[in-house]
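The values are calculated or read from the model by the stated rules, or taken from the named source; none is laboratory data. If you're wondering where the values come from, they're calculated on a predicted model, not measured in any experiment. Quick reminder, even Gly has a Cβ in these numbers, built from the backbone with ideal geometry, and neighbours come from all protein chains shown. In case anyone asks, the SASA skips ligands and DNA or RNA and just uses the protein heavy atoms, side chains included. Shrake-Rupley method; radii C 1.70, N 1.55, O 1.52, S 1.80 Å.
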Amino acid sequence: MAEVKLKDYAQITRPQNFEEIMLLADRLQGKTVKMVNSTKDGGGVAEMLHRVVPLFNELGLNMKWETIEGNAEFFDATKAFHNALHGKEVEITKEMFKVHNEVNDLNAKKMTFNEDIVVIHDPQPVGLIQMKDKSPAKWVWRCHIDTATPHPQVWKHLEQYITKYDASIFSAPSFAKQLPIPQVMIYPAIDPFAEKNRILTKAEIDSVRQKFDLPNDKPIITQVSRFDYLKDPIGVFETYKLVKKHHDCVFVYAGGAASDDPEGTAVLNELQERAAGDKDFRILLLPPFSDFDINGLQRASTIVMQKSLKEGFGLTVTEALWKKKPVIAGAVGGIPLQVINNFTGMLVHSVEGAAYKIRYLLNNPEVGERMGEYGHEHVREKFLLTRNMRNYLLLFLSLQHPGESVIEI
Ligand code: UDP
């Protein structure tokens, strides 16, 4: 893909918001910033850093991105921490805390922190804060994880480091914690130029439709989600059965094969069993990095569903709203921040409610079209990468003016 520049975002972002970015960046010219995470490839954080680091440099900041090094034991431990912070049942051992500390100590010895600002992403490198006393920087810890109900021991382990930072960033109000340091909220965001979100031609959308053998003469209702009970795949199937009595339509549940996730396999098997023989309920197994196919599936859909029972933020909702799709989604987690009921989409609390609202939208397509337009504008204002950058710039500026309640720009 051709390199995307700041001017490309200027054409998508609302002009006032773009001017604000330029104004804030003007006050931060030449400031040095270091971003640190644990991988250059794979995962949403690396994807976001690949995009924003060049953009911040284009804006006149001097930003570097470094990653820490770790062995398999370290990444097994931090993966377990990740799951435990999400509230999953996992076994956490003392050895894991020890490996986490040791690898952070080793990396701290190898790295330098002479910048004005250091941003550490997620729990893996959180222990680098031990270098704060030897560094002139303001230190920020950016948490990308849903920490609403974290594993107490893991949180306690991380807290000893987090409390030493100058500020922390969380993704949603419900993830905030009792901490003695300032907390800033920055919502997740999508990149409109990423393969998963870029505008597709009709031929490209048709190619995805054909690849998955989907009709072009019936409504398509799609949910893209991992095979996880909390995404309510069974509820999606039950909704399909209710809607199908009245409308000739196709439902699609598309998600990762989850071969390394025993629970995912069990969920997939149950869904396959229930839907066996139902040719209009399609279960699509997507390999990793199916961004183009997900983009095509969302764009080929008449309605996008996200019938989650529990949700962090719900990026699939953001993606669908940006594509101007009417979205029917569970009123949980970060979804109501995005789906304003009956305006940018419809919130539901049950299978019956979901079926009723899908039928309503199938009978009143002009309502769905209007919601799609509003949803697109809502994402443009609140959930694009440029808004994320604007928030970071404001935070950087405030860190340069400690103790000042009003900063003149
Ligand atoms: N996704 C994907 N492959 C899949 C299922 C989901 O790439 O098989 C993407 C989806 O498009 C979205 C992200 O993974 O960008 C899921 O984020 P979300 O916040 O919706 O849910 P999570 O899976 O993090 O609970």
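Applying the criterion of being touching a helix residue (DSSP H, G or I) at 6+ places or on another chain (Cβ under 7 Å) and modelled with pLDDT under 95 to the residues of the stretch 309-332, the residue that is farthest from the ligand (Cβ to nearest atom) is Leu309. Residue count for the stretch 136-145 satisfying the condition of being open to solvent by 20 Å² or more (accessible area, probe 1.4 Å) and either in contact with a Pro (Cβ under 6 Å, 6 or more places away or on another chain) or over 14 Å from Leu399 (Cα atoms) (or both): 1. Filtering the stretch 92-110 for residues that are open to solvent by 80 Å² or more (accessible area, probe 1.4 Å) and over 29 Å from His157 (Cβ atoms) leaves an empty set. Exactly one residue out of Phe75, Phe97 is of a type in the set (Phe, Trp, Tyr) and in contact with a helix residue (DSSP H, G or I) (Cβ under 6 Å, 6 or more places away or on another chain): that is Phe97.
The helices (runs of 4 or more DSSP H) falling completely within the stretch 44-122 that include 2 or more residues that are among the basic types (Lys, Arg) map to 94-110.
Taking the stretch 307-338 as the range and being assigned to a loop (DSSP other than H, G, I, E, B) and among the aromatic types (Phe, Trp, Tyr) as the test, only Phe313 passes. When Phe170 is tested against (1) in contact (Cβ under 8 Å) with a residue 24 or more places away in the chain; (2) more than 16 Å from the ligand (Cβ to nearest atom), only condition (2) is not met. When the stretch 1-22 is filtered for residues that are exposed (fewer than 13 other Cβ atoms within 10 Å of the Cβ) and not acidic (Asp, Glu), the ones remaining, listed by number, are Met1, Ala2, Lys5, Lys7, Gln11, Pro15, Gln16. Hey, among Thr163, Thr201, Thr239, which residue is open to solvent by 10 Å² or more (accessible area, probe 1.4 Å), farther than 30 Å from Thr13 by Cα and of a type in the set (Val, Ile, Thr)? Unique residue meeting the criteria: Thr163. Of all residues in the stretch 1-43, those satisfying the criterion of being assigned to a loop (DSSP other than H, G, I, E, B), among the β-branched types (Val, Ile, Thr) and within 26 Å of Ile199 (Cβ to Cβ) are Val4, Ile12, Thr13.
Per this entry, Val250 is counted among residues that are surrounded by 19 or more Cβ atoms within 10 Å (Cβ to Cβ) and either within 13 Å of the ligand (Cβ to nearest atom) or of a type in the set (A, V, I, L, M) (or both). Scanning the stretch 273-298 for residues that are within 16 Å of Leu200 (Cβ to Cβ), open to solvent by less than 50 Å² (accessible area, probe 1.4 Å) and not acidic (Asp, Glu) turns up Ser290, Ile294, Asn295, Gly296, Leu297, Gln298. Please work out which residue is most open to solvent (accessible area, probe 1.4 Å), limiting yourself to the stretch 42-65 and to residues that are more than 18 Å from Ala189 (Cα to Cα) and not polar (S, T, N, Q). Top of the filtered list is Lys64. If we scan the stretch 272-289, do we find a residue that is free of Cβ contacts under 8 Å to residues at least 12 places away in the same chain, within 9 Å of the ligand (Cβ to nearest atom) and in a loop (DSSP other than H, G, I, E, B)? Within the stretch 272-289, one or more residues are free of Cβ contacts under 8 Å to residues at least 12 places away in the same chain, within 9 Å of the ligand (Cβ to nearest atom) and in a loop (DSSP other than H, G, I, E, B).
Applying a threshold of 6 Å to beta carbon distances and a minimum spacing of six or more residues, or different chains, the list of pairs starting in the stretch 315-344 at a residue that is under 20 Å from Gly87 (Cβ atoms) and ending at one that is within 13 Å of the ligand (Cβ to nearest atom) and part of a helix (DSSP H, G or I) reads Ile335/Val317. In the set (1) open to solvent by 10 Å² or more (accessible area, probe 1.4 Å); (2) in a helix (DSSP H, G or I); (3) touching a helix residue (DSSP H, G or I) at 6+ places or on another chain (Cβ under 6 Å), Lys132 fails one condition alone, (3).
Starting from residues that are buried (at least 19 other Cβ atoms within 10 Å of the Cβ) and under 15 Å from His349 (Cα atoms), keep the ones in the stretch 221-236 and report whichever is nearest to the ligand (Cβ to nearest atom). The selected residue is Lys231.
If you check Ser174, Ser168, which single one turns out to be among the hydroxyl-bearing types (Ser, Thr, Tyr) and in a helix (DSSP H, G or I)? Ser174 is the lone residue from the list that is among the hydroxyl-bearing types (Ser, Thr, Tyr) and in a helix (DSSP H, G or I). Look at (1) open to solvent by 20 Å² or more (accessible area, probe 1.4 Å); (2) over 30 Å from Thr13 (Cβ atoms); (3) not basic (Lys, Arg) and you find that Pro173 fails only one, number (2). Looking across Asn37, Asn101, Asn62, Asn83, one residue alone is polar (S, T, N, Q) and modelled with pLDDT under 95. It is Asn83.
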